[in-house]
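Read the structure below first, then the notes.
The values are calculated or read from the model by the stated rules, or taken from the named source; none is laboratory data. Being a predicted model, the structure only gives us computed values, none of them experimental. Note: ideal-geometry Cβ built from the backbone for every residue, glycine included; neighbour counts use all protein chains shown.
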Amino acid sequence: MLQQTEIISSKIKSLDQVLKLMKVWRLKNQKVVFTNGVFDILHPGHISYLAKTKDLGNKLILGFELRCICQIVEKGPNRPIQNQNDRAFLLAALSMIDAVVIFNEETPL
């Protein structure tokens, strides 16, 4: 039997793994939705946003940029506070998230 931390960690995927999962889900006629963000300091607004996003489909993939655009945007040079592995683990622990992918491109496209 898998431990909870293993279940959470198993939701953190590479881009190739996510693409394969998407094919499987779509073959099962499941609607896949995607969103991305920084999610450095998780707060109730994030949870509400993610729950509403999940309501748009059957599976929710969450992506965030490895380089963390929050340094470039309004958040400042001391961000992110949490490293990408910690953020990925926290987000993967949320029940509405089916997969988390960290990407290194400028946009999630």
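Of note:
- Top-ranked residue of the stretch 37-50 - restricted to ones that are at pLDDT below 95 and crowded, with 16+ Cβ neighbours inside 10 Å, ranked as farthest from V101 (Cα to Cα): H46
- Taking the criterion of being surrounded by 10 or more Cβ atoms within 10 Å (Cβ to Cβ) and in a helix (DSSP H, G or I), the residues of the stretch 1-15 that qualify are T5, I7, I8, S9, S10, L15.
- Residue satisfying all of: in the stretch 77-89; crowded, with 16+ Cβ neighbours inside 10 Å and of a type in the set (A, V, I, L, M, F, W, C); modelled with the highest pLDDT among these: F89
- A Cβ distance below 8 Å, combined with a sequence gap of six or more or placement on separate chains, defines the contacts here; from the stretch 26-41, residues that are within 16 Å of L62 (Cβ to Cβ) reach residues that are polar (S, T, N, Q) and outside any loop (DSSP other than H, G, I, E, B) in the pairs V33/T53; T35/T53.
Residue by residue, here is whether (1) part of a loop (DSSP other than H, G, I, E, B); (2) at pLDDT below 95; (3) within 13 Å of the chain's Cα centre (by Cα); (4) small (G, A, S) holds:
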position	(1), (2), (3), (4)
K23	no, no, no, no
R26	no, no, no, no
K52	no, no, no, no
G63	no, yes, yes, yes
C70	no, yes, no, no
K75	yes, yes, no, no
L94	yes, no, yes, no
